[in-house]
2 protein chains.
Amino acid sequence: MGLAERKEREKAELRELILDAAKRILLKSGQEGLSIRKIANTIEYSPATIYLYFKDKDEILHELMEMGFTLMNKFMTKAYEEKDAVKRIYLIGKAYVEFGLEHKDWYDLMFNSDKPMKHIEKCMEDWDAGMAMFNYLASTCKEAMLSLQMHALEERILALQLWSCVHGLVNLAHTERLEIVERNQTKELVSKTLDTMFLSIFHK
Amino acid sequence: MGLAERKEREKAELRELILDAAKRILLKSGQEGLSIRKIANTIEYSPATIYLYFKDKDEILHELMEMGFTLMNKFMTKAYEEKDAVKRIYLIGKAYVEFGLEHKDWYDLMFNSDKPMKHIEKCMEDWDAGMAMFNYLASTCKEAMLSLQMHALEERILALQLWSCVHGLVNLAHTERLEIVERNQTKELVSKTLDTMFLSIFHK
DNA sequence: AAATTAAATAAACAGTGTTCATTATATTTG
DNA sequence: CAAATATAATGAACACTGTTTATTTAATTT
(Lines give C-alpha, C1' and ligand atoms only; values in the text may rest on other atoms or scores of the structure.)
Protein backbone atom coordinates (compact mmCIF):
# COMPACT_ATOMS: atom_id res chain seq x y z
CA MET A 1 0.00 0.00 0.00
CA GLY A 2 2.31 2.75 -1.24
CA LEU A 3 -0.70 4.99 -1.38
CA ALA A 4 -1.45 5.21 2.32
CA GLU A 5 2.23 5.75 2.88
CA ARG A 6 2.35 8.67 0.51
CA LYS A 7 -0.69 10.15 2.21
CA GLU A 8 0.96 9.90 5.54
CA ARG A 9 4.18 11.35 4.24
CA GLU A 10 2.29 14.30 2.79
CA LYS A 11 0.54 14.86 6.08
CA ALA A 12 3.84 14.77 7.91
CA GLU A 13 5.34 17.16 5.38
CA LEU A 14 2.67 19.79 5.93
CA ARG A 15 3.07 19.34 9.67
CA GLU A 16 6.76 20.00 9.24
CA LEU A 17 5.98 23.00 7.06
CA ILE A 18 3.83 24.47 9.80
CA LEU A 19 6.49 23.93 12.43
CA ASP A 20 9.14 25.40 10.19
CA ALA A 21 7.07 28.52 9.59
CA ALA A 22 6.37 28.76 13.31
CA LYS A 23 10.07 28.54 14.05
CA ARG A 24 10.92 31.23 11.54
CA ILE A 25 8.29 33.58 12.95
CA LEU A 26 9.46 32.88 16.49
CA LEU A 27 13.02 33.80 15.57
CA LYS A 28 11.97 36.90 13.69
CA SER A 29 9.23 38.28 15.92
CA GLY A 30 9.43 36.43 19.22
CA GLN A 31 6.71 34.56 21.03
CA GLU A 32 4.56 37.69 21.11
CA GLY A 33 4.56 37.90 17.35
CA LEU A 34 3.82 34.23 16.78
CA SER A 35 0.20 33.68 15.82
CA ILE A 36 -1.75 30.93 14.12
CA ARG A 37 -2.85 33.38 11.47
CA LYS A 38 0.73 34.41 10.68
CA ILE A 39 1.75 30.80 10.35
CA ALA A 40 -1.18 30.19 8.02
CA ASN A 41 -0.24 33.21 5.95
CA THR A 42 3.40 32.27 5.48
CA ILE A 43 2.60 28.74 4.34
CA GLU A 44 -0.37 30.00 2.30
CA TYR A 45 -3.05 27.93 3.96
CA SER A 46 -6.10 29.01 5.90
CA PRO A 47 -5.85 29.29 9.70
CA ALA A 48 -8.36 26.48 10.11
CA THR A 49 -6.03 24.08 8.32
CA ILE A 50 -3.50 24.39 11.13
CA TYR A 51 -6.05 22.77 13.42
CA LEU A 52 -6.11 19.65 11.26
CA TYR A 53 -2.47 19.09 12.14
CA PHE A 54 -2.28 20.44 15.69
CA LYS A 55 -4.78 20.32 18.53
CA ASP A 56 -4.14 23.93 19.44
CA LYS A 57 -1.45 26.60 19.61
CA ASP A 58 -0.02 25.06 22.78
CA GLU A 59 0.84 21.90 20.91
CA ILE A 60 2.85 23.94 18.41
CA LEU A 61 4.62 25.79 21.21
CA HIS A 62 5.41 22.46 22.79
CA GLU A 63 7.01 21.17 19.61
CA LEU A 64 9.06 24.35 19.39
CA MET A 65 10.11 23.84 22.99
CA GLU A 66 11.51 20.44 22.09
CA MET A 67 13.38 21.97 19.17
CA GLY A 68 14.84 24.39 21.68
CA PHE A 69 16.14 21.57 23.83
CA THR A 70 17.81 19.95 20.85
CA LEU A 71 19.49 23.25 20.08
CA MET A 72 20.55 23.72 23.68
CA ASN A 73 22.04 20.25 23.86
CA LYS A 74 24.22 21.07 20.87
CA PHE A 75 25.29 24.18 22.76
CA MET A 76 26.39 22.01 25.65
CA THR A 77 28.25 19.17 23.95
CA LYS A 78 31.62 20.76 24.67
CA ALA A 79 30.82 21.08 28.35
CA TYR A 80 29.65 17.49 28.50
CA GLU A 81 33.03 16.30 27.21
CA GLU A 82 34.93 17.69 30.21
CA LYS A 83 36.17 14.86 32.38
CA ASP A 84 36.50 16.67 35.72
CA ALA A 85 33.06 16.92 37.33
CA VAL A 86 33.62 20.27 39.04
CA LYS A 87 34.95 21.85 35.89
CA ARG A 88 32.09 20.23 33.98
CA ILE A 89 29.55 21.92 36.23
CA TYR A 90 31.24 25.23 35.63
CA LEU A 91 31.21 24.73 31.87
CA ILE A 92 27.58 23.63 31.93
CA GLY A 93 26.65 26.75 33.89
CA LYS A 94 28.53 28.96 31.45
CA ALA A 95 26.95 27.29 28.44
CA TYR A 96 23.49 27.44 30.02
CA VAL A 97 23.72 31.18 30.60
CA GLU A 98 25.29 31.77 27.21
CA PHE A 99 22.45 29.92 25.53
CA GLY A 100 19.88 31.77 27.62
CA LEU A 101 21.26 35.19 26.82
CA GLU A 102 21.65 34.48 23.13
CA HIS A 103 18.32 32.76 22.57
CA LYS A 104 15.74 34.53 24.67
CA ASP A 105 12.79 33.23 22.70
CA TRP A 106 13.83 29.61 22.88
CA TYR A 107 14.71 30.00 26.53
CA ASP A 108 11.32 31.46 27.47
CA LEU A 109 9.57 28.61 25.73
CA MET A 110 11.67 26.03 27.54
CA PHE A 111 11.97 27.47 31.03
CA ASN A 112 9.44 30.24 31.58
CA SER A 113 6.36 29.11 29.77
CA ASP A 114 3.62 27.12 31.41
CA LYS A 115 1.71 27.25 28.18
CA PRO A 116 3.26 24.15 26.58
CA MET A 117 2.25 22.03 29.57
CA LYS A 118 -0.87 22.90 31.46
CA HIS A 119 -1.66 19.78 33.41
CA ILE A 120 0.76 18.72 36.08
CA GLU A 121 -0.03 15.08 35.45
CA LYS A 122 1.23 15.38 31.91
CA CYS A 123 4.24 17.47 32.89
CA MET A 124 6.55 14.54 33.55
CA GLU A 125 6.27 13.41 29.97
CA ASP A 126 5.90 16.86 28.46
CA TRP A 127 9.07 18.16 29.97
CA ASP A 128 11.25 15.10 29.83
CA ALA A 129 13.95 16.84 27.82
CA GLY A 130 14.25 19.38 30.61
CA MET A 131 14.07 16.70 33.25
CA ALA A 132 16.83 14.76 31.51
CA MET A 133 19.03 17.84 31.68
CA PHE A 134 18.33 18.31 35.35
CA ASN A 135 19.05 14.67 36.13
CA TYR A 136 22.33 14.88 34.29
CA LEU A 137 23.28 17.97 36.27
CA ALA A 138 22.33 16.24 39.51
CA SER A 139 24.48 13.21 38.69
CA THR A 140 27.38 15.48 37.83
CA CYS A 141 26.83 17.20 41.17
CA LYS A 142 27.03 13.84 42.89
CA GLU A 143 30.33 13.15 41.19
CA ALA A 144 31.68 16.57 42.10
CA MET A 145 30.58 16.25 45.71
CA LEU A 146 32.34 12.94 45.93
CA SER A 147 35.60 14.28 44.57
CA LEU A 148 35.49 17.31 46.86
CA GLN A 149 34.31 15.33 49.87
CA MET A 150 31.25 17.48 50.30
CA HIS A 151 29.04 15.17 52.28
CA ALA A 152 25.89 16.08 54.13
CA LEU A 153 24.48 17.64 51.00
CA GLU A 154 21.89 16.23 48.64
CA GLU A 155 23.00 16.33 45.05
CA ARG A 156 19.52 17.32 43.87
CA ILE A 157 19.52 20.33 46.18
CA LEU A 158 22.92 21.38 44.95
CA ALA A 159 21.68 20.98 41.39
CA LEU A 160 18.66 23.11 42.24
CA GLN A 161 20.86 25.76 43.76
CA LEU A 162 22.94 25.93 40.60
CA TRP A 163 19.90 25.91 38.39
CA SER A 164 18.11 28.63 40.38
CA CYS A 165 21.11 30.89 40.14
CA VAL A 166 21.66 30.61 36.41
CA HIS A 167 17.93 30.68 35.73
CA GLY A 168 17.52 33.78 37.86
CA LEU A 169 20.50 35.44 36.22
CA VAL A 170 19.22 34.79 32.72
CA ASN A 171 15.77 36.09 33.57
CA LEU A 172 17.09 39.21 35.28
CA ALA A 173 19.12 39.88 32.15
CA HIS A 174 16.16 39.23 29.85
CA THR A 175 13.88 41.60 31.70
CA GLU A 176 16.47 44.35 31.70
CA ARG A 177 16.92 44.34 35.48
CA LEU A 178 20.68 43.95 35.19
CA GLU A 179 20.68 46.85 32.79
CA ILE A 180 19.04 48.93 35.49
CA VAL A 181 21.50 47.83 38.15
CA GLU A 182 24.44 48.80 35.99
CA ARG A 183 23.98 50.23 32.56
CA ASN A 184 25.77 48.53 29.62
CA GLN A 185 27.36 46.07 32.03
CA THR A 186 24.95 43.13 31.79
CA LYS A 187 27.43 40.64 30.34
CA GLU A 188 30.09 41.53 32.87
CA LEU A 189 27.65 41.33 35.77
CA VAL A 190 26.53 37.91 34.60
CA SER A 191 30.06 36.60 34.25
CA LYS A 192 31.20 37.96 37.62
CA THR A 193 28.15 36.68 39.46
CA LEU A 194 28.55 33.28 37.86
CA ASP A 195 32.20 33.04 38.91
CA THR A 196 31.44 34.20 42.45
CA MET A 197 28.69 31.68 42.71
CA PHE A 198 30.93 28.77 41.71
CA LEU A 199 33.64 29.92 44.07
CA SER A 200 31.23 30.11 46.99
CA ILE A 201 29.82 26.65 46.34
CA PHE A 202 33.07 24.80 45.61
CA HIS A 203 34.94 27.08 48.02
CA LYS A 204 38.40 27.89 46.68
CA MET B 1 -11.51 78.32 43.88
CA GLY B 2 -13.13 75.31 45.58
CA LEU B 3 -14.51 74.36 42.21
CA ALA B 4 -11.31 73.47 40.41
CA GLU B 5 -10.26 71.57 43.49
CA ARG B 6 -13.40 69.48 43.51
CA LYS B 7 -12.92 68.77 39.83
CA GLU B 8 -9.45 67.59 40.42
CA ARG B 9 -10.51 65.50 43.39
CA GLU B 10 -13.20 63.83 41.31
CA LYS B 11 -10.71 63.09 38.58
CA ALA B 12 -8.36 61.56 41.11
CA GLU B 13 -11.20 59.53 42.57
CA LEU B 14 -12.10 57.96 39.25
CA ARG B 15 -8.43 57.25 38.65
CA GLU B 16 -8.34 55.49 41.99
CA LEU B 17 -11.52 53.62 41.11
CA ILE B 18 -9.91 52.33 37.93
CA LEU B 19 -6.79 51.20 39.77
CA ASP B 20 -8.86 49.53 42.46
CA ALA B 21 -10.85 47.61 39.88
CA ALA B 22 -7.65 46.66 38.09
CA LYS B 23 -6.19 45.38 41.34
CA ARG B 24 -9.27 43.30 42.13
CA ILE B 25 -9.26 41.76 38.66
CA LEU B 26 -5.54 41.04 38.91
CA LEU B 27 -6.03 39.22 42.19
CA LYS B 28 -9.02 37.28 40.93
CA SER B 29 -7.95 36.41 37.40
CA GLY B 30 -4.24 37.13 37.15
CA GLN B 31 -2.44 39.28 34.63
CA GLU B 32 -3.86 37.20 31.79
CA GLY B 33 -7.40 37.99 32.83
CA LEU B 34 -6.80 41.70 33.26
CA SER B 35 -8.16 43.71 30.37
CA ILE B 36 -9.17 47.32 29.83
CA ARG B 37 -12.64 46.18 28.91
CA LYS B 38 -13.05 44.24 32.13
CA ILE B 39 -11.93 47.21 34.18
CA ALA B 40 -14.42 49.39 32.30
CA ASN B 41 -17.18 46.88 32.95
CA THR B 42 -16.63 46.58 36.68
CA ILE B 43 -16.62 50.34 37.22
CA GLU B 44 -19.48 50.74 34.74
CA TYR B 45 -17.76 53.10 32.36
CA SER B 46 -16.90 52.68 28.72
CA PRO B 47 -13.45 51.37 27.75
CA ALA B 48 -12.58 54.66 26.11
CA THR B 49 -12.99 56.49 29.41
CA ILE B 50 -10.02 54.61 30.83
CA TYR B 51 -7.85 56.34 28.27
CA LEU B 52 -8.80 59.74 29.70
CA TYR B 53 -7.10 58.73 32.94
CA PHE B 54 -4.25 56.54 31.71
CA LYS B 55 -2.07 56.75 28.64
CA ASP B 56 -2.34 53.04 27.99
CA LYS B 57 -2.58 49.66 29.69
CA ASP B 58 1.12 49.71 30.49
CA GLU B 59 0.65 52.76 32.70
CA ILE B 60 -1.98 50.88 34.70
CA LEU B 61 0.31 47.86 35.03
CA HIS B 62 3.06 50.16 36.18
CA GLU B 63 0.86 51.61 38.93
CA LEU B 64 -0.03 48.09 40.00
CA MET B 65 3.65 47.24 40.08
CA GLU B 66 4.26 50.06 42.54
CA MET B 67 1.39 48.80 44.69
CA GLY B 68 3.15 45.46 44.65
CA PHE B 69 6.35 46.98 45.98
CA THR B 70 4.48 48.66 48.82
CA LEU B 71 2.96 45.31 49.70
CA MET B 72 6.31 43.57 49.50
CA ASN B 73 7.94 46.14 51.76
CA LYS B 74 5.31 45.43 54.41
CA PHE B 75 6.19 41.77 54.01
CA MET B 76 9.82 42.59 54.78
CA THR B 77 9.57 44.95 57.74
CA LYS B 78 10.33 42.18 60.22
CA ALA B 79 13.45 41.18 58.32
CA TYR B 80 14.60 44.79 58.16
CA GLU B 81 14.46 45.01 61.94
CA GLU B 82 17.11 42.32 62.46
CA LYS B 83 20.32 43.87 63.72
CA ASP B 84 22.83 41.23 62.55
CA ALA B 85 23.58 41.79 58.89
CA VAL B 86 24.12 38.11 58.00
CA LYS B 87 20.91 37.06 59.71
CA ARG B 88 19.17 40.00 58.08
CA ILE B 89 20.18 38.79 54.64
CA TYR B 90 18.82 35.37 55.49
CA LEU B 91 15.51 36.83 56.66
CA ILE B 92 15.27 39.05 53.62
CA GLY B 93 15.82 36.04 51.37
CA LYS B 94 13.17 34.05 53.20
CA ALA B 95 10.68 36.90 53.06
CA TYR B 96 11.43 37.53 49.40
CA VAL B 97 10.72 33.94 48.44
CA GLU B 98 7.68 33.76 50.69
CA PHE B 99 6.25 36.84 49.07
CA GLY B 100 7.04 35.53 45.61
CA LEU B 101 5.40 32.17 46.20
CA GLU B 102 2.29 33.64 47.80
CA HIS B 103 1.76 36.50 45.35
CA LYS B 104 2.60 35.23 41.91
CA ASP B 105 0.67 37.94 40.09
CA TRP B 106 2.27 40.80 41.99
CA TYR B 107 5.67 39.18 41.63
CA ASP B 108 5.38 38.78 37.86
CA LEU B 109 4.43 42.40 37.50
CA MET B 110 7.38 43.52 39.61
CA PHE B 111 10.15 41.21 38.49
CA ASN B 112 9.23 39.44 35.28
CA SER B 113 7.39 41.97 33.26
CA ASP B 114 9.04 44.27 30.81
CA LYS B 115 5.68 45.72 29.96
CA PRO B 116 5.57 48.36 32.68
CA MET B 117 8.85 49.81 31.43
CA LYS B 118 9.68 49.61 27.78
CA HIS B 119 12.40 52.17 27.30
CA ILE B 120 15.69 51.59 29.04
CA GLU B 121 16.20 55.30 29.46
CA LYS B 122 13.06 55.55 31.58
CA CYS B 123 13.82 52.36 33.51
CA MET B 124 15.90 54.01 36.20
CA GLU B 125 12.94 56.08 37.31
CA ASP B 126 10.29 53.53 36.50
CA TRP B 127 11.83 50.85 38.63
CA ASP B 128 13.15 52.92 41.47
CA ALA B 129 11.23 50.94 44.08
CA GLY B 130 12.98 47.80 42.87
CA MET B 131 16.28 49.59 42.65
CA ALA B 132 15.89 50.84 46.21
CA MET B 133 15.39 47.27 47.36
CA PHE B 134 18.48 46.12 45.53
CA ASN B 135 20.58 48.94 46.93
CA TYR B 136 19.44 48.12 50.43
CA LEU B 137 20.38 44.48 49.90
CA ALA B 138 23.77 45.51 48.56
CA SER B 139 24.46 47.71 51.57
CA THR B 140 23.45 44.88 53.89
CA CYS B 141 25.84 42.66 51.95
CA LYS B 142 28.60 45.16 52.53
CA GLU B 143 27.90 45.09 56.25
CA ALA B 144 27.81 41.30 56.32
CA MET B 145 31.04 41.01 54.35
CA LEU B 146 32.71 43.34 56.79
CA SER B 147 31.63 41.36 59.82
CA LEU B 148 32.67 38.07 58.24
CA GLN B 149 35.89 39.46 56.83
CA MET B 150 34.95 38.44 53.30
CA HIS B 151 37.15 40.75 51.32
CA ALA B 152 37.98 40.52 47.66
CA LEU B 153 34.28 40.45 46.82
CA GLU B 154 32.11 43.26 45.50
CA GLU B 155 28.95 43.73 47.53
CA ARG B 156 26.88 44.34 44.43
CA ILE B 157 28.00 41.04 42.96
CA LEU B 158 27.14 39.24 46.16
CA ALA B 159 23.76 40.97 46.16
CA LEU B 160 23.24 39.85 42.57
CA GLN B 161 24.15 36.29 43.46
CA LEU B 162 21.57 36.26 46.23
CA TRP B 163 18.95 37.92 44.10
CA SER B 164 19.54 35.57 41.15
CA CYS B 165 19.12 32.55 43.37
CA VAL B 166 15.86 33.61 45.02
CA HIS B 167 14.51 35.00 41.77
CA GLY B 168 15.33 31.79 39.97
CA LEU B 169 13.82 29.71 42.73
CA VAL B 170 10.57 31.67 42.74
CA ASN B 171 10.27 31.46 38.98
CA LEU B 172 11.02 27.74 38.87
CA ALA B 173 8.28 27.26 41.45
CA HIS B 174 5.83 29.47 39.57
CA THR B 175 6.31 27.64 36.31
CA GLU B 176 5.84 24.25 37.96
CA ARG B 177 9.41 23.12 37.29
CA LEU B 178 9.98 22.24 40.94
CA GLU B 179 6.78 20.25 40.86
CA ILE B 180 8.24 18.24 38.00
CA VAL B 181 11.54 17.68 39.80
CA GLU B 182 9.78 16.35 42.88
CA ARG B 183 6.02 16.14 43.07
CA ASN B 184 4.24 17.84 46.00
CA GLN B 185 7.61 18.88 47.38
CA THR B 186 7.94 22.40 46.05
CA LYS B 187 7.92 24.21 49.42
CA GLU B 188 10.47 21.82 50.89
CA LEU B 189 12.73 22.06 47.86
CA VAL B 190 12.62 25.83 48.08
CA SER B 191 13.43 25.89 51.77
CA LYS B 192 16.26 23.39 51.49
CA THR B 193 17.81 25.11 48.49
CA LEU B 194 17.59 28.45 50.23
CA ASP B 195 19.34 27.13 53.33
CA THR B 196 22.05 25.40 51.32
CA MET B 197 22.63 28.54 49.38
CA PHE B 198 23.13 30.67 52.49
CA LEU B 199 25.42 28.09 54.01
CA SER B 200 27.57 27.95 50.90
CA ILE B 201 27.89 31.73 50.73
CA PHE B 202 28.47 32.51 54.40
CA HIS B 203 30.14 29.15 54.87
CA LYS B 204 29.06 27.85 58.29
C1' DA C 1 -31.14 81.06 28.22
C1' DA C 2 -27.19 80.64 25.11
C1' DA C 3 -22.40 79.64 24.39
C1' DT C 4 -18.58 77.29 25.83
C1' DT C 5 -15.91 73.84 27.94
C1' DA C 6 -15.23 69.27 29.74
C1' DA C 7 -16.37 64.41 30.12
C1' DA C 8 -18.09 60.12 28.41
C1' DT C 9 -19.11 57.11 24.82
C1' DA C 10 -20.35 54.35 20.43
C1' DA C 11 -18.29 52.59 16.78
C1' DA C 12 -14.63 51.22 14.26
C1' DC C 13 -9.87 49.16 13.27
C1' DA C 14 -6.74 45.59 13.36
C1' DG C 15 -5.54 42.05 15.78
C1' DT C 16 -6.01 37.22 18.61
C1' DG C 17 -7.42 31.65 19.16
C1' DT C 18 -10.81 28.51 17.88
C1' DT C 19 -14.95 26.07 15.85
C1' DC C 20 -18.08 24.38 12.35
C1' DA C 21 -20.81 24.02 8.37
C1' DT C 22 -19.72 24.17 3.66
C1' DT C 23 -16.94 23.51 -0.43
C1' DA C 24 -13.29 21.47 -3.13
C1' DT C 25 -10.32 17.60 -4.05
C1' DA C 26 -8.89 13.09 -4.11
C1' DT C 27 -9.84 8.11 -3.78
C1' DT C 28 -12.72 4.07 -4.06
C1' DT C 29 -16.45 1.55 -5.73
C1' DG C 30 -20.11 0.13 -9.15
C1' DC D 1 -15.51 6.20 -17.16
C1' DA D 2 -19.08 7.95 -13.91
C1' DA D 3 -21.04 7.94 -9.32
C1' DA D 4 -20.39 7.48 -4.45
C1' DT D 5 -17.50 8.11 -0.75
C1' DA D 6 -13.88 9.61 2.06
C1' DT D 7 -10.46 13.23 2.92
C1' DA D 8 -8.67 17.84 3.04
C1' DA D 9 -9.21 22.75 3.02
C1' DT D 10 -11.66 26.78 3.88
C1' DG D 11 -14.96 31.00 4.76
C1' DA D 12 -17.28 32.84 8.07
C1' DA D 13 -18.44 33.45 12.48
C1' DC D 14 -17.74 33.94 17.75
C1' DA D 15 -15.82 36.06 21.55
C1' DC D 16 -12.20 38.24 22.81
C1' DT D 17 -7.96 41.93 22.95
C1' DG D 18 -5.89 47.33 23.01
C1' DT D 19 -6.57 51.70 21.09
C1' DT D 20 -8.41 55.87 18.43
C1' DT D 21 -11.69 59.28 16.84
C1' DA D 22 -15.75 61.58 15.85
C1' DT D 23 -19.90 62.32 18.21
C1' DT D 24 -22.94 62.98 21.96
C1' DT D 25 -23.98 64.18 26.68
C1' DA D 26 -23.28 66.86 30.78
C1' DA D 27 -21.56 70.56 33.37
C1' DT D 28 -19.95 75.25 33.68
C1' DT D 29 -19.47 80.03 32.30
C1' DT D 30 -20.99 83.97 29.96
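Working only within the range A:16-38, note down all residues that are closer than 14 Å to A:L109 by Cβ, near DNA strand C (Cβ under 8 Å from one of its atoms) and surrounded by 15 or more Cβ atoms within 10 Å (Cβ to Cβ).
A:L34
Which residues, taken from the range A:147-173, are more than 8 Å from chain B (Cβ to nearest Cβ) and either in contact with a helix residue (DSSP H, G or I) (Cβ under 9 Å, 6 or more places away or on another chain) or of a type in the set (A, V, I, L, M, F, W, C) (or both)?
Within the range A:147-173, A:S147, A:L148, A:M150, A:H151, A:A152, A:E155, A:A159, A:L162, A:V170, A:A173 qualify.
Given the residues B:A173, B:A152, B:A144, which is the only one that is open to solvent by 10 Å² or more (accessible area, probe 1.4 Å), more than 18 Å from A:L194 (Cα to Cα), out of contact with any Pro (no Cβ under 8 Å at 6 or more places or on another chain) and of a type in the set (G, A, S)?
B:A173
Return the pair list, or none, for Cβ contacts closer than 7 Å from residues in the range A:177-202 that are assigned by TED's automatic domain parsing to the domain that holds A:H167 to residues that are among the acidic types (D, E) and exposed (fewer than 15 other Cβ atoms within 10 Å of the Cβ), at least 6 apart or on different chains.
Every condition considered, the pairs that remain are A:L189/A:E182.
Please report, ordered by residue number, the helices (runs of 4 or more DSSP H) entirely within the range A:80-135 with at least 1 residues that are touching a helix residue (DSSP H, G or I) at 6+ places or on another chain (Cβ under 9 Å), in the same structural domain as A:T186 (by TED's automatic domain parsing) and at pLDDT 95 or above.
The qualifying helices (runs of 4 or more DSSP H) are A:85-102, A:104-107.
Of everything in the range A:191-204, what is open to solvent by 10 Å² or more (accessible area, probe 1.4 Å) and among the hydrophobic types (A, V, I, L, M, F, W, C)? Give them in sequence order.
A:F198, A:L199, A:F202
Would you be able to say whether some residue in the range B:12-21 is on the phi < 0 side of the Ramachandran plot, over 22 Å from the mean Cα position of the chain (by Cα) and at pLDDT below 95?
For the range B:12-21, residues on the phi < 0 side of the Ramachandran plot, over 22 Å from the mean Cα position of the chain (by Cα) and at pLDDT below 95: present.
Identify, please: which residue in the range B:14-38 is among the hydrophobic types (A, V, I, L, M, F, W, C) and within 8 Å of DNA strand D (Cβ to nearest atom) and is, among those, farthest from B:L64 (Cα to Cα)?
B:I36
Given the residues A:K11, A:K78, A:K28, which is the only one that is out of contact with any Pro (no Cβ under 9 Å at 6 or more places or on another chain), within 30 Å of A:A144 (Cα to Cα) and charged (D, E, K, R)?
Only one candidate qualifies: A:K78.
Please find, within the range B:39-56, the residue that is farthest from DNA strand D (Cβ to nearest atom) out of those that are in a loop (DSSP other than H, G, I, E, B) and open to solvent by 50 Å² or more (accessible area, probe 1.4 Å).
Here the answer is B:E44.
Could you go through the range A:57-68 and let me know if any residue there is open to solvent by less than 60 Å² (accessible area, probe 1.4 Å), in a helix (DSSP H, G or I) and under 26 Å from A:E188 (Cα atoms).
yes
The values are calculated or read from the model by the stated rules, or taken from the named source; none is laboratory data. Predicted model only: the values in this text are computed from it and were never measured. All Cβ positions, even for glycine, are placed from backbone atoms using ideal geometry, and neighbour counts span all protein chains on display. The accessibility values were calculated without ligands, DNA or RNA, using every heavy atom of the protein model including side chains. Shrake-Rupley method; radii C 1.70, N 1.55, O 1.52, S 1.80 Å.
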